[in-house]
Structures are given as C-alpha cells and as structure tokens.
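Asker: Dropping a structure here in structure tokens format, bear with me for questions.
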C-alpha cells in the first residue's frame, strides 16, 4: 500500500520515472495539460473543452470478410476526421432489402438526434434507381431509394428529403458498382460537417419508395402476424407489437403452424432448457425462442411463417 502522499507538481517525465508497478497510482499523462499528483490519481488542472463528435452509422449486406466496409469508413474520416463511426450491422442477407428495413428500424432509436445513418442494401446499384437523403424525426438517412426506409416511415414522420444529384459532394471517380463508397458515404460525411440537407441535392417531387409490409390481423382476443426477422441466436421475431397483446390474461397461446406454445415469459432465463417459449424482445415485438437453443432450427420456420396469438380475458 502506498505510504506517501505527494502534493508537489511534477512534470510528465518525472511522473513516468517515479511511478512504479505496485504503487497505488493511476497514470493519466498528457502533453497538453498539467496534472496534480494525489494518492490515487493524477487530476487534470484544466480540462479540455467538451465537443460533440458527429456520428455516422453503417448498415449493409457486405459482411466483414472483404474490404468494402473499411473503404467506406476511410472515405468518411478523410472528409471529417472528427467522426465517430458505428457499425450497426453488416450481416443483412445479400440483396434482402426488407430484412435491412426491419434491422434499420430496430437499431436507430439507440442513437442521438442528428446521427447520420448510411444504409447500403442495394441490389439495383448502377441502375437508374435514386439515391436519397432524408430527415425523419431528427434522424438522418442516406440510402438508395429502394424500400430500405419502409419500416421506419411506417411509424415515423418524414420531415425533408432530397435526391442526391449534386456530384460536387461525391468522390471524383464513381464506380458503377460501389455507390455506397463513392456517393452515399461522402454525402453523409459532408452532412455531418453541418451542411444543410438542401445543399446535398434537389427536393424530392415524388414519394420515397416503400415496400409492402407483412400485415397483421386482429380479432377480439387474437392477433395474427408473421415472422419478419431471424436473429443470430435463431430467435423468430414477428411483426406483432407489444401493444397488440393484452396486458393481463387468463390464458395465452401462440401458434406457430400447428404447434402451440403456452404462456408468455418475461425473459429468456424463465424458459425451460431446450423448450420453446414466447416473449416480447428488445425491439418491442413478439419473439419465439428456445432456451439454450435455436427456434429457427427447432421449427424450420422460414420468413413469412404465420403466427397466431390467442388469449382469454381475466374473469371480472
């Protein structure tokens, strides 16, 4: 245990020489700031100004084996070195725009207003499909206009949108197969520097493309929907929201095909090992899971599998 208390200010070089392994010190050395030595820490005499680091997220179907994601990040920090870059997901199944739309919707609420989200699930790259930038309830999106915003726009209000038709924001050489790197990312980085959306392109004159979404049907004591996502753990995530389900019930049954699952659990740990269960997951939608297993493997359920929930009310 350290027996001495040091109150004398020392240079960073002296601190590095005098602090030894085993001393109860935590070193926080800086060439920019003077530090005072106390028993447990070096306390900054003056703190650097707090600055907001703009954030860009990336959602793609690129995977992580190739260099595509890294190239987009390199372009982004070349334009704005102060960026904070976040990988939302790069494991969207290739060309599955609707899967990307659900994943994007699930992820954006974790980020502060003003975040720029780049989405590249773009089977039409190089064609005449539009590239757009959109502001939706304080969040910013840059993506192909192919339905990636479908789920977000179902629950949120579009504020402004433009077509990315201003080449001055793009890279000087644009590949016909990599608009994510050469157009979308440069535009996103420029937006993060404070440019107004109206500078990035022309105002949209036709609606943003949306895809038909799986629909729900509701009865007095029932609701039916579909499996719309399968996550890394094999959980079957439906389009049935928590708000579609009763807060109290006497009995509760979920039917996946002809297989019934009784009850609604609070968390995965409440299920019996190897047994199917249902619960409302972190995205706020009904899930079918298997504790210590995979519901996707258990039921061999494809996307689009019909799910029906039935319940009886608590007797008055």
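The values are calculated or read from the model by the stated rules, or taken from the named source; none is laboratory data. Predicted model, so just to flag it, every value in this text is computed and none were measured. Cβ placement follows ideal geometry from the backbone for every residue including glycine, while neighbour counts extend to all protein chains displayed.
Asker: Those residues that are free of Cβ contacts under 8 Å to residues at least 12 places away in the same chain and within 30 Å of residue 303 (Cβ to Cβ), I need them from the range 199-214; list them, please.
Answerer: Of everything in the range 199-214, those that are free of Cβ contacts under 8 Å to residues at least 12 places away in the same chain and within 30 Å of residue 303 (Cβ to Cβ) turn out to be 206, 207, 212.
Asker: Does the range 283-302 hold any residues that are surrounded by fewer than 17 Cβ atoms within 10 Å (Cβ to Cβ) and touching a residue at least 40 places away in the same chain (Cβ under 8 Å), and which are they?
Answerer: Hits for the range 283-302 are 284, 293, 294, 297, 302.
Asker: I'm checking my understanding of the structure. Among residues of the range 244-281 that are touching a residue at least 24 places away in the same chain (Cβ under 8 Å) and outside any strand (DSSP E or B), which one is surrounded by the fewest Cβ atoms within 10 Å (Cβ to Cβ)?
Answerer: Among them, the one singled out is 248.
Asker: If you take the residues in the range 186-207 that are out of contact with any strand residue (DSSP E or B) (no Cβ under 6 Å at 6 or more places or on another chain) and crowded, with 16+ Cβ neighbours inside 10 Å, which one is farthest from residue 54 (Cα to Cα)?
Answerer: Top of the filtered list is 186.
Asker: What number goes with the only condition from (1) over 20 Å from residue 147 (Cα atoms); (2) in a helix (DSSP H, G or I); (3) without any contact (Cβ under 8 Å) to a residue 60 or more places away in the chain; (4) under 25 Å from the mean Cα position of the chain (by Cα) that residue 194 does not pass?
Answerer: Against the list (1) over 20 Å from residue 147 (Cα atoms); (2) in a helix (DSSP H, G or I); (3) without any contact (Cβ under 8 Å) to a residue 60 or more places away in the chain; (4) under 25 Å from the mean Cα position of the chain (by Cα), residue 194 comes up short only on (2).
Asker: What's the number of the condition residue 53 fails, among (1) touching a residue at least 40 places away in the same chain (Cβ under 8 Å); (2) over 24 Å from residue 304 (Cα atoms)?
Answerer: (1)
Asker: Go through the range 286-306 and report how many residues are in a strand (DSSP E or B) and either farther than 13 Å from residue 230 by Cβ or in contact with a helix residue (DSSP H, G or I) (Cβ under 6 Å, 6 or more places away or on another chain) (or both).
Answerer: 5
Asker: A further question follows. Got a sec? Which strands (runs of 3 or more DSSP E) wholly within the range 59-171 have at least 3 residues that are in contact (Cβ under 8 Å) with a residue 40 or more places away in the chain, touching a strand residue (DSSP E or B) at 6+ places or on another chain (Cβ under 8 Å) and crowded, with 21+ Cβ neighbours inside 10 Å?
Answerer: 116-120, 131-136, 139-144
Asker: Assess whether residue 29 counts as being touching a helix residue (DSSP H, G or I) at 6+ places or on another chain (Cβ under 7 Å), surrounded by fewer than 17 Cβ atoms within 10 Å (Cβ to Cβ), part of a loop (DSSP other than H, G, I, E, B) and modelled with pLDDT under 95.
Answerer: Considered against the rule, which asks whether it is touching a helix residue (DSSP H, G or I) at 6+ places or on another chain (Cβ under 7 Å), surrounded by fewer than 17 Cβ atoms within 10 Å (Cβ to Cβ), part of a loop (DSSP other than H, G, I, E, B) and modelled with pLDDT under 95, residue 29 comes out as yes.
Asker: Kindly evaluate residue 232 against the criterion of being under 24 Å from residue 107 (Cβ atoms), over 20 Å from the mean Cα position of the chain (by Cα) and exposed (fewer than 13 other Cβ atoms within 10 Å of the Cβ).
Answerer: No: the conditions fail for residue 232.
Asker: Somewhere in the range 229-239, is a residue in contact with a strand residue (DSSP E or B) (Cβ under 6 Å, 6 or more places away or on another chain), more than 22 Å from residue 92 (Cα to Cα) and part of a strand (DSSP E or B)?
Answerer: Looking through the range 229-239, none of the residues is in contact with a strand residue (DSSP E or B) (Cβ under 6 Å, 6 or more places away or on another chain), more than 22 Å from residue 92 (Cα to Cα) and part of a strand (DSSP E or B).
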